[in-house]
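A short write-up of the structure that comes next.
The numbers here are math on the coordinates, done by the rules we state, and not lab data. Note that this is a predicted model, so its numbers are computed, not measured. FYI the Cβ positions are ideal-geometry reconstructions off the backbone, even for glycines, and counts take in every protein chain you see.
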Amino acid sequence: MFGGDPVWPVDLGDLRLWPMESEDGPLLQELLDDLADFRTPFGEPGRADAVSTFVALPQGVDYDAKLLVGVWRNGLLIGALDCIVGYPDPATWSVGLLVVADRHRGNGVGSAVLGWLERTARDRGVRTLRAAIRRQNVDGQLFVEHHGWARDLTAVDAELGTWTKSLSAG
Ligand SMILES: CC(C)(COP(=O)(O)OP(=O)(O)OC[C@H]1O[C@@H](n2cnc3c(N)ncnc32)[C@H](O)[C@@H]1OP(=O)(O)O)[C@@H](O)C(=O)NCCC(=O)NCCS
């Protein structure tokens, strides 16, 4: 999937990370449908949200560059991570989605998954992680800033801001 796959599943305490397959689509859709604050991070909801997550790829990028991971606890899908590796340049990975189900928030799940992504990327020589976050999604911005990410003020977009984390510093 992204040059030296981890051995799946990855266990982080009682969390299990596993690449998502298309048959997980309905579960992911359910998770997204149940978010009370869906519009803040993602905008208008639609029935095709989970499908978009499975197919979303920047133009010209191969599906092999997609790291779409389900976060499971006790057999339940409680979160998801979607990241494009080697985009927009070989030393950068771009997070498209990091979401935790409402009732599992505030317990370190998001931090555990982001920490795993950072370690995995660093181990592969990646220099920068980046994420586009909607302007209204202040909690999402505070969450990544809490993890040492910084706003990229050179990136200008009316809807989205860009946050990055340099991995070279350690
Ligand atoms: C952002 C999100 C993934 C966080 O998941 P989570 O499992 O609740 O996060 P955690 O429990 O690991 O909390 C992480 C840390 O961030 C901090 N944090 C979370 N929200 C915060 C906020 N609004 N302001 C300041 N700090 C915040 C917590 O205090 C916690 O700190 P600690 O680890 O030192 O205790 C989750 O809220 C979510 O799915 N939001 C909707 C989607 C989204 O916005 N994604 C992020 C954009 S990439």
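A few points about this structure:
- Some residue of the stretch 10-18 being under 22 Å from Ala112 (Cα atoms), within 13 Å of the ligand (Cβ to nearest atom) and part of a helix (DSSP H, G or I): no
Yes/no matrix, rows are residues, columns are (1) closer than 21 Å to Asp49 by Cβ; (2) among the β-branched types (Val, Ile, Thr); (3) loosely packed, with under 13 Cβ neighbours inside 10 Å:
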{"residue": "Pro90", "(1), (2), (3)": "no, no, yes"}
{"residue": "Glu118", "(1), (2), (3)": "no, no, no"}
{"residue": "Gln136", "(1), (2), (3)": "yes, no, no"}
{"residue": "Trp149", "(1), (2), (3)": "no, no, no"}
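- Just so you know, in the stretch 23-50 the residues that are of a type outside the set (A, V, I, L, M, F, W, C) and in contact with a helix residue (DSSP H, G or I) (Cβ under 6 Å, 6 or more places away or on another chain) include one that is surrounded by the most Cβ atoms within 10 Å (Cβ to Cβ), and it is Asp49.
- Ala36 part of a loop (DSSP other than H, G, I, E, B) and touching a residue at least 24 places away in the same chain (Cβ under 8 Å): yes
- Selection of the stretch 46-100 for residues being under 22 Å from Asp123 (Cβ atoms), touching a residue at least 40 places away in the same chain (Cβ under 8 Å), assigned to a strand (DSSP E or B) and more than 12 Å from the ligand (Cβ to nearest atom) yields Lys66, Leu67, Leu68, Val69, Gly70.
- Between Leu114, Leu98, Leu153, the distinction of being surrounded by 14 or more Cβ atoms within 10 Å (Cβ to Cβ), over 21 Å from Arg39 (Cα atoms) and not basic (Lys, Arg) belongs to Leu114 only.
- Per-region count, the stretch 109-166, residues under 22 Å from Gly79 (Cβ atoms), in contact with a Leu (Cβ under 8 Å, 6 or more places away or on another chain) and more than 14 Å from the ligand (Cβ to nearest atom): 3
- Pick from the stretch 120-133, criterion not small (Gly, Ala, Ser) and not in a loop (DSSP other than H, G, I, E, B), ranking: surrounded by the fewest Cβ atoms within 10 Å (Cβ to Cβ): Asp123
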